[in-house]
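Take a look at the structure below.
The values are calculated or read from the model by the stated rules, or taken from the named source; none is laboratory data. As the structure is a prediction and not an experimental result, all values here were calculated from the model. Cβ placement follows ideal geometry from the backbone for every residue including glycine, while neighbour counts extend to all protein chains displayed. Areas reflect the complete protein model, heavy atoms only, side chains present, ligands, DNA and RNA absent. Shrake-Rupley method; radii C 1.70, N 1.55, O 1.52, S 1.80 Å.
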Amino acid sequence: MTIIAHQHKPGEAFMLERLSENNVLIGLVWNYEPTTHEPYYLDWISHLRRTHRQLKTVNVEGEEKTAFCHKLSTLYEPFALWMRELYGDGIYFYEHQDSFYFLIISQGLPVSGSDIVVSRRFWTILKEQLAEAPEYQQLSFRKITEEHVSAVIERCNEHQAKMKKRRQIIIGSLALGGTVLLLTVMVLLKVFIRG
């Protein structure tokens, strides 16, 4: 089943605004092995590789999969992967007025075409199709609550704090190493000049 939807701008719902404020991303392009080798598809994937940050993840069978993110900085965290880690497989959705955010996680991976905001009409039709689709019948529909969002944001903040500390250690080590190297070169130059 291929899912195609019109993507709305983030921030349409309170949940999305909270995620955005905390550098948690939705709307990633989840890429799987191409089922087609059509030139337009291969060109599109090639374009994504050049213009988007690539995130690697592993499914339950240990196969590596790639997602593409429009934010190039590592300061952003993917909502879908944290939902997978914290809550597992399922069809997650969040309703706000006339739109729905939905995310499908199956066999340990976000499903390509989910992780977006769609209209109420689209969601209603999709929900019926998902209930009938054999590959998604074992997945339960789960409404995303404030607790889900808070848990994801908390875990993302913890992870970013660890990453920041690691970056600081690396930068400090490089600065210390550079200083030691510079002092060593200066000492050697003095020794050779005095000779």
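Projected onto the charge dipole of the chain (+1 at Lys/Arg Cβ, -1 at Asp/Glu Cβ, origin at the Cα centre), which of ALA151, ALA175, PHE93 gives the Cα projection farthest towards the positive end?
Of the listed residues, the answer is ALA175.
Report the extension gain between SER140 and ARG194 in nm, rounded to one decimal, defined as 0.36 nm multiplied by the number of residues separating them, less their alpha carbon distance.
Length difference between fully extended and current span is 11.5 nm.
Pick from HIS47, HIS96, HIS37: which residue has the top mean-square fluctuation in a GNM of the chain where Cα pairs under 10 Å get a spring?
HIS37
Between HIS47 and GLU95, what is 0.36 nm times their sequence separation minus the Cα-Cα distance? Round to one decimal in nm.
14.1 nm
For ILE171 and ASN23, compute 0.36 nm times the residue count separating them, minus their Cα-Cα distance, and round to one decimal in nm.
51.0 nm is the gain from fully extending ILE171 to ASN23.
So in the chain, what percent of DSSP beta bridges are antiparallel if you round to the nearest 5?
Values: 22 of 27 bridges.
Taking every DSSP beta bridge with both residues in the chain, the antiparallel ones total about 80 percent.
Mind grabbing the base-10 log of I(q)/I(0) for the chain at q = 0.14, 0.15 Å⁻¹? Debye formula, identical points on the C-alpha positions, no solvent, two decimal places.
Debye intensities relative to I(0), on a log10 scale: -0.86, -0.97.
Would you check the accessible area of ARG142, probe 1.4 Å, heavy atoms only, in square angstrom rounded to 10?
About 80 Å², rounded to the nearest 10.
What figure in square angstrom, to the nearest 10, would you give for the accessible area of GLU128 with a 1.4 Å probe?
Spelled out: GLU128, probe radius 1.4 Å, area about 110 Å².
When the chain is treated as a GNM, springs tying every alpha-carbon pair under 10 Å, which of ILE116, ILE170, ILE125 comes out with the largest mean-square fluctuation?
Largest GNM mean-square fluctuation: ILE170.
What Kirkwood hydrodynamic radius, in Å, does the stretch 70-130 give when the mean of 1/r is taken over all pairs of distinct Cα atoms and then inverted?
It is 12.5 Å.
Given the rule -39500 (n - 2.57) for each run of at least 4 DSSP H residues, summed and divided by the residues of the chain, what is its mean residue ellipticity at 222 nm, to the nearest 500 deg cm²/dmol?
After summing the helix terms and dividing by residue count, I get -16000 deg cm²/dmol.
Could you tally up the Lys pairs in the chain with alpha carbons closer than 27 Å? Skip any pair fewer than 8 positions apart unless they're on separate chains.
20
If you place +1 on the Cβ of every Lys and Arg, -1 on the Cβ of every Asp and Glu, and leave all else neutral, what size is the dipole of the stretch 54-165 about its Cα centre, to the nearest 20 Debye?
400 debye
Excluding ligands, DNA and RNA, what is the solvent-accessible area per residue of the chain at a probe of 1.4 Å, expressed in Å²?
Working: 12220 Å² over 195 residues.
Normalised by residue count, the accessible surface of the chain is 63 Å².
Using a Gaussian network model of the chain whose springs link C-alpha atoms within less than 10 Å, name the residue from ILE104, ILE171, ILE153 with the highest mean-square fluctuation.
Fluctuation is largest for ILE171.
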